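Trainee: Structure incoming, see below.
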Amino acid sequence: MALENYRDLSVGGTDVNAGFQFEFYCSNCNRKWKTPFKPYRMGQITGFLTRFAFLFGGAANTGRLTGTAADFGARGAKQQALAESMPQAERLYSNCVVCGLGFCEDCVDGSNTCKGCLLKAGKVQAGQDANGGYGAQSGGHACPNCGTGGGGGRFCAECGFDMASTHKSCPGCGAMAERSARFCGDCGHGF
C-alpha cells in the first residue's frame, strides 16, 4: 500500500518557480521529511514567456498556448516526482497494518503495527513504547485514552484526558506513576 501521509508543497505549473516537493510526516509524532525540490522546467519556461508576453501585449496568445501545454504536462510530471520520492519515503515511514496510517520507524514495532493499535489490542501496557520499554520513546507514561506519550503533565496533550484519574505525581521528583505503584520509577521515592 502506497504512503498517503504527505502534503503537496509543489508550486503551480506555470510559475517561474514551478516545481514539485512533498513533505512526509508521522501520524503520531512530529517527525517530517521534505523531498528535494524538483524544478518543472516546462512550467518555468511558460512563466518566463507569460511575463515576456505581458510586456509586449501582442504576444498574449503565445503565453496562453504555452500555459495550456505546461498545465497539461504538469499532472504527469507531478505524479512522476511523487513516484520517484516514494522509495526514500518508504525507508523512513511505513503504514500500520491495522489502521493504515503512516508512521515513522520510532512509532511502529517490527510487525509494522503502530503504538495506538498495539495499545488497543492490549499488546502494550499504557506507558510502554512499541519496543517494550517504558518511557524511553514516549517521554513518560502514555495516555490510556489515546496512547500518546505523556510529557508528565496532568492532562494528555493530544486528547485532554485527565491523567490524574489513572496516575499520580511523585512528591520527590514530579514524575508520573500509575496509581497502583508503590515506588517512583524515576527516583525511587516511596508512596
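Trainee: If I ask for residues that are in contact (Cβ under 8 Å) with a residue 24 or more places away in the chain and either farther than 13 Å from residue 30 by Cα or in contact with a Cys (Cβ under 6 Å, 6 or more places away or on another chain) (or both), which ones from the range 97-108 would you list?
Mentor: 100, 101, 103, 104, 107
Trainee: Restricting to strands (runs of 3 or more DSSP E) lying wholly in the range 1-110: which have 2 or more residues that are at pLDDT 85 or above and among the basic types (Lys, Arg)?
Mentor: 32-34
The values are calculated or read from the model by the stated rules, or taken from the named source; none is laboratory data. As the structure is a computational prediction, the values presented were derived from the model and not from experiment. Using ideal geometry, Cβ is built from the backbone for each residue, glycine included, and neighbour counts are taken over all protein chains shown.
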